[in-house]
């Protein structure tokens, strides 16, 4: 478990993290989301003890992580895949970490196999692609078989097969009762991977909760309806204060009524239905809506190829 309470960090005049509190529970994957500059990486660095907060506290598995007697068994982290000596081989990098943490050398071969890096383990890290660095970084995070994992953008640089592998790995670790906190800018991937979300913007906590709840909070729910009696259905919807627009393919997009309400209304008015499908907005739509006032580096609105620059 990760417990963050009233965490605050300031760099010069910039408030990087502004009095945030949240708990990451074991047994689920928690996604940490936010636009660039939201404070996600700073928060993760404070969780693992690389940055000392100006105020507030962090507890990992019920105590301060820097006080752990066996840190790699308590928490495994990947914060920067480039933070590896380029002259070492992947295997030697992992063996050095194992030797300094009392971890059996046999565990090195295990994590190399899990991450698909066995064949590349003898190559210098300096020759690795970004995806290979990510994999060896994940191997290092798994080395101590930790109860808690903190991963910052672990799928950057990975091909689709690698992204799928990370997704299934995180889900399996959570299913085994581990605590998993992962950040990503890939909303489609977070929608498939995470069970819970923490959304930050400009150092503040915007919202947190189950993925479906966060999406429902920030997006509008529509109901797609197909009927050979659209006029009768439109009139009936107006009677209950709902509205609908006609899509080009003849589908009615109903707003202001749930699918059960539309179904019950059609039944009561003897209106024939051929389709009744509730539709919820996407996580990407919810993210953009929740963070629209917290974009530190907002894109311009020009439609020109050069962004409007002459």
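The values are calculated or read from the model by the stated rules, or taken from the named source; none is laboratory data. Everything quoted here is computed from the prediction, not taken from an experiment. Positions of Cβ are backbone-derived with ideal geometry, glycine not excepted, and every protein chain shown enters the neighbour counts.
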Being in a strand (DSSP E or B), under 21 Å from the mean Cα position of the chain (by Cα), in the same structural domain as residue 97 (by TED's automatic domain parsing) and under 21 Å from residue 176 (Cβ atoms): is that true of residue 29 here? yes
Take residue 58 and decide whether it is under 17 Å from the mean Cα position of the chain (by Cα), in the same structural domain as residue 126 (by TED's automatic domain parsing), closer than 29 Å to residue 135 by Cβ and surrounded by 14 or more Cβ atoms within 10 Å (Cβ to Cβ). no
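Specify which of the listed residues (81, 104) is outside any helix (DSSP H, G or I) and surrounded by fewer than 12 Cβ atoms within 10 Å (Cβ to Cβ).
From the options 81, 104, the qualifying one is 104.
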The stretch 248-260, residues that are under 17 Å from residue 281 (Cα atoms) and not in a strand (DSSP E or B): 256, 257, 258, 259
Any idea which of 124, 113, 95 is in the same structural domain as residue 71 (by TED's automatic domain parsing), in contact with a strand residue (DSSP E or B) (Cβ under 8 Å, 6 or more places away or on another chain) and surrounded by fewer than 20 Cβ atoms within 10 Å (Cβ to Cβ)? 124
Out of the stretch 41-54, which residues are surrounded by 12 or more Cβ atoms within 10 Å (Cβ to Cβ), free of Cβ contacts under 8 Å to residues at least 60 places away in the same chain and not in a helix (DSSP H, G or I)? 49, 50, 51, 53, 54
Can residue 234 be described as assigned to a helix (DSSP H, G or I), surrounded by 13 or more Cβ atoms within 10 Å (Cβ to Cβ) and in contact with a strand residue (DSSP E or B) (Cβ under 8 Å, 6 or more places away or on another chain)? yes
Answer yes or no: is there a residue in the stretch 107-119 that is modelled with pLDDT under 95 and over 25 Å from residue 193 (Cα atoms). no
Yes or no: residue 177 assigned by TED's automatic domain parsing to the domain that holds residue 58, assigned to a loop (DSSP other than H, G, I, E, B), more than 16 Å from residue 289 (Cα to Cα) and at pLDDT 90 or above? yes
State yes or no: is residue 170 on the phi < 0 side of the Ramachandran plot, modelled with pLDDT of 95 or more and outside any helix (DSSP H, G or I)? no
Would you confirm whether or not the stretch 143-165 contains a residue that is part of a helix (DSSP H, G or I), touching a residue at least 12 places away in the same chain (Cβ under 8 Å) and within 21 Å of residue 47 (Cβ to Cβ)? no
Residues located in the stretch 237-265, provided they are touching a residue at least 24 places away in the same chain (Cβ under 8 Å) and in contact with a strand residue (DSSP E or B) (Cβ under 8 Å, 6 or more places away or on another chain): 237, 250, 251, 252, 253, 254, 255, 257, 258, 259, 262
Checked against (1) assigned to a loop (DSSP other than H, G, I, E, B); (2) on the phi > 0 side of the Ramachandran plot; (3) surrounded by fewer than 16 Cβ atoms within 10 Å (Cβ to Cβ), residue 6 satisfies every condition except (1)
Got at least one residue in the stretch 197-211 being free of Cβ contacts under 8 Å to residues at least 40 places away in the same chain, part of a helix (DSSP H, G or I) and either within 15 Å of the chain's Cα centre (by Cα) or closer than 24 Å to residue 288 by Cβ (or both)? no
Conditions (1) touching a residue at least 60 places away in the same chain (Cβ under 8 Å); (2) under 27 Å from residue 158 (Cα atoms); number of the one not met by residue 84: (1)
Going by what's in this entry, would residue 137 be described as under 25 Å from residue 101 (Cα atoms), in a helix (DSSP H, G or I), touching a residue at least 12 places away in the same chain (Cβ under 8 Å) and in the same structural domain as residue 83 (by TED's automatic domain parsing)? yes
